[in-house]
Every structure is written in C-alpha cells, then in structure tokens.
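Take a look at the structure set out below.
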Amino acid sequence: MSGHEAFILAHTRPEQPPLLPGITLQLASEVTPIWQASEEWLAARGMAPPYWAFAWPGGIATARLLLDRPELVAGRRVLDFAAGSGVAAIAAAKAGAAAVEAAEIDPLAAAAIALNAARNGVAVTPLLGDLVGSPCRWDVILAGDVCYEARMTAHILPWLRAMAGAGALVLLADPGRAYLPREGLRPLAQILVPTSLELEDRSERLVRIAELLPQG
C-alpha cells in the first residue's frame, strides 16, 4: 500500500453518497480528522485542500444522470475532468463506457480515485496533471462543479468549449456557483441533491446539468 493510499484510508471511511445507493466512496465525515483540518494543518503536510474527500453535488448529480441515462456514455470514451472522488467516472464505467479516465492535479485525489474505482469493481484510469491544452481524444467529458472560482473558470472554460468544438459531448453540472457561464449552454437535466451544512450553506442544492456548446 502506498503512502497516499494509507493516508486516505486513515482519514476517510466508506460511505454511500446521496442518491447513489450502488456506489461506495472513501469520504471524510464529521468523525474523520481531515473534515476539521485547518489550512495550517494541510500546509504543514504539503497538502492541497482535500476536495477529493467529499462527494460534491455536481459529481453526484452527474453520476445519477449517467446511471439513469446510460446511453449518454455507453460504448464511449469518457473523461471525468477535475474528478475529485471520481464518483462521476465510476458511474460512467457502471453505465457501460468503453473506457473511463479521471483527471486530477492532486496526487491524493488520483490515489482516491483508484481506491474508489477498485472498491466499486470498475476500471477507471486516474490521470495526474492539468489536461487543459490537450487535444481531444474523448467522446464525452464530464465537468461537475468546476465553476466555483473566477481563475479556475477562465482557465478551463475555453478548453472545454474547444473540446465541444472537436466533437466531444461536454456535460457541465453546476449547483449554483458564481462563475457558471450564462450563454452557450443547452439544458439537459435538473437534479436536487441533499448536501451537508458542513460543506454548503443549505441542506440541498439544485444541480443543473447542461451540454456546453462550442464557442460562437
């Protein structure tokens, strides 16, 4: 077992996210130390914020959509971009995707994705690094809850639109973040996701899933 895997298992526990009874993830909860970790605690250990340790509404809603509508990914090459825990990637694999990759810039996130995929008995390939600028080699790109910061949105959105222009179906799932683009979206679904007040400012989030259209 690697050091990353040991850390994840020590600071999380197996849980089923809301709306996804068939999926189990290693998640932080109120009883796990990383939930209460301060920025100083993380910095002392050289860690980025542990976004991978939580099931965010955008990922949950995307996973639910794919399980309900497997034709969106069945037989197709899928990328879960900024994948966090890998929940959407796992759902894509369960829905019959031909190949699934999950991209993250945090080594702990990549390790968590591998652990979570193995726990759920599916094949997901973690990709460590920033894929922005890469040529398109996917049929479907999943982007859940990625428009939460202006810098992040400005960095990824032109590339995601370019991927749409190259022929990929880009699914953007957003629970009401401030930097979601107002144009160039084709609505696809709305899913109400229960959330924790430890993570969000409300007990549920309405996640809107849309196809991101090419620029212009």
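The values are calculated or read from the model by the stated rules, or taken from the named source; none is laboratory data. Values in this document were obtained by computation on a predicted structure and should not be read as measured data. No Cβ is skipped: glycine too gets one built from the backbone with ideal geometry, and neighbour counts run over all protein chains shown.
With respect to (1) surrounded by fewer than 16 Cβ atoms within 10 Å (Cβ to Cβ); (2) closer than 13 Å to Ala82 by Cβ; (3) in contact with a Cys (Cβ under 6 Å, 6 or more places away or on another chain), the lone exception for Ala166 is condition (2).
Looking for something within 20 Å of Pro57 (Cα to Cα), of a type in the set (Phe, Trp, Tyr) and either within 17 Å of the chain's Cα centre (by Cα) or surrounded by 22 or more Cβ atoms within 10 Å (Cβ to Cβ) (or both) - is there at least one such residue anywhere in the stretch 127-144? No, the stretch 127-144 has no match at all.
Among the conditions (1) within 25 Å of Ala93 (Cα to Cα); (2) surrounded by fewer than 14 Cβ atoms within 10 Å (Cβ to Cβ), Thr195 misses just one, which is (2).
Would you point out the residue of the stretch 180-195, among those that are part of a loop (DSSP other than H, G, I, E, B) and under 17 Å from the mean Cα position of the chain (by Cα), that is modelled with the lowest pLDDT? It would help to see each step written out before you state the result.
The initial filter retains those residues of the stretch 180-195 that are part of a loop (DSSP other than H, G, I, E, B), namely 180-184, 195.
With the extra rule that they be under 17 Å from the mean Cα position of the chain (by Cα), the set shrinks to 180, 195.
On the way: Leu180: 81, Thr195: 86.
Here the residue is Leu180.
Of the residues Arg64, Arg151, the single one that is in a helix (DSSP H, G or I) and either closer than 23 Å to Ser196 by Cα or among the β-branched types (Val, Ile, Thr) (or both) is Arg64. Number of residues in the stretch 159-179 that are touching a helix residue (DSSP H, G or I) at 6+ places or on another chain (Cβ under 8 Å) and outside any loop (DSSP other than H, G, I, E, B): the value is 6. Residue-level analysis places Ile156 among those that are surrounded by 14 or more Cβ atoms within 10 Å (Cβ to Cβ), hydrophobic (A, V, I, L, M, F, W, C), touching a strand residue (DSSP E or B) at 6+ places or on another chain (Cβ under 8 Å) and assigned to a helix (DSSP H, G or I).
Summed over the stretch 73-93, the residues that are surrounded by fewer than 20 Cβ atoms within 10 Å (Cβ to Cβ) and touching a residue at least 40 places away in the same chain (Cβ under 8 Å) give a count of 2.
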